[in-house]
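This report concerns only the one structure given below.
The values are calculated or read from the model by the stated rules, or taken from the named source; none is laboratory data. Because the structure is predicted, anything quoted here is derived from the model rather than measured. Quick reminder, even Gly has a Cβ in these numbers, built from the backbone with ideal geometry, and neighbours come from all protein chains shown. Note: areas computed on protein heavy atoms with side chains; ligands, DNA, RNA excluded. Shrake-Rupley method; radii C 1.70, N 1.55, O 1.52, S 1.80 Å.
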Amino acid sequence: MSNRKHRNYGLDLIKILACILVLCLHSLVPTSPVVKNSLLNLSVYYAGTIAIPIFFMASSYFVLNKRMISYSYVIRRVGEILFIIIGWVLVYSIVHFCIKHNFIFLEELKGTAFVGIPNQHFYHFWFFWALIIMLLLSPLLWYLLQKSFVGYLILTSIVTLICVGIDVSMHFGNSSKYSEHTTDF
């Protein structure tokens with residue numbers, strides 16, 4: 001019998017679909033007249049929002065599908081993600097310091113974790129912080145999945161309802177207004 005792992009082509013197709021949906025999400029601005037005045041464009045934009053949960057589900061599948069999840073694995077992965085976040089923010093802050101003589105590392109780093117802070121350039125990095133939270137919870141989720149599938153389903157249902165509630169609330173305008181983020185120094 002072969003120990004060779006088989007590729008999950010269904011998961012590959014889901015990730016490809018999510019990539020296309022992310023392009024739709026990031027190429028359309030929901031407040032622009034081209035999107036607001038076109039049901040098709042607005043539908044494409046909102047269809048793109050499903051890409052975020054798809055990426056989280058794919059990441060969770062790979063994390064929770066392990067034989068065991070150790071805290072050393074979690075700490076190593078969190079360290080790798082923090083290296084990416086801090087690295088990009090540090091490079092940007094150094095360039096900004098060389099041009100404007102103002103070191104903005106802490107402000108930009110705070111902007112990676114909290115969406116809605118004005119004039120932050122790395123607001124898309126919220127996804128990394130969400131992955132960190134997912135990784136920190138993964139040993140508990142793995143344990144629940146192995147020991148109490150019903151408990152896992154209950155926890156997953158509660159978290160899903162919270163996410164859907166936040167998403168619906170944001171679609172009805174209960175979030176900060178879409179802000180223009182500039183990339184100039």
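Remark: C-alpha extents of the chain on the principal axes read 60, 44, 32 Å, sorted largest to smallest. Cα axis of helix 9-27 to longest principal axis of the chain: angle in degrees, 0 to 90, nearest 10? Taking the Cα atoms of the chain, the angle to 9-27 is about 10 degrees. Working from label points 7 Å from Cα in the Cα-to-Cβ sense, the Glu80 to His101 distance is 4.2 nm. Solvent-accessible surface of the chain, averaged per residue with a 1.4 angstrom probe and all protein chains in place: 71 square angstrom.
The chymotrypsin sites (Phe, Trp or Tyr not before Pro) found in the stretch 59-90 include none that occupy coil by DSSP while having at most 16 further C-beta atoms within 10 Å. For the stretch 60-116, applying the loop criterion from DSSP together with a ceiling of 11 other beta carbons within 10 Å to the trypsin sites (Lys or Arg not before Pro) yields Lys66, Arg67. Overall, the stretch 1-150 carries a charge dipole of about 580 debye about its Cα centre when +1 sits on the Cβ of Lys and Arg and -1 on the Cβ of Asp and Glu, all other atoms neutral. Only alpha carbons enter this Debye calculation for the stretch 33-124, each as an equal point scatterer, and the log10 of I(q)/I(0) it gives at q = 0.22, 0.23, 0.25 Å⁻¹ is -1.06, -1.10, -1.17. The ratio of the alpha-carbon radius of gyration of the stretch 91-166 to the globular-protein estimate 2.2 N^0.38 Å is 1.60. Computed from the Cα positions only, the extents of the stretch 30-70 along the three principal axes stand at 50, 14, 6 Å, in decreasing order. Counted residue by residue at 0.36 nm each, then reduced by the alpha carbon distance between them, the extension gain from Ser70 to Met57 reaches 2.7 nm. Here the Kirkwood formula puts the hydrodynamic radius of the stretch 1-87 at 15.8 Å, using every distinct Cα pair.
Helices in the chain, meaning DSSP H runs of at least 4 residues, each add -39500 (n - 2.57). Divided by all residues, the mean residue ellipticity at 222 nm is -23500 deg cm²/dmol.
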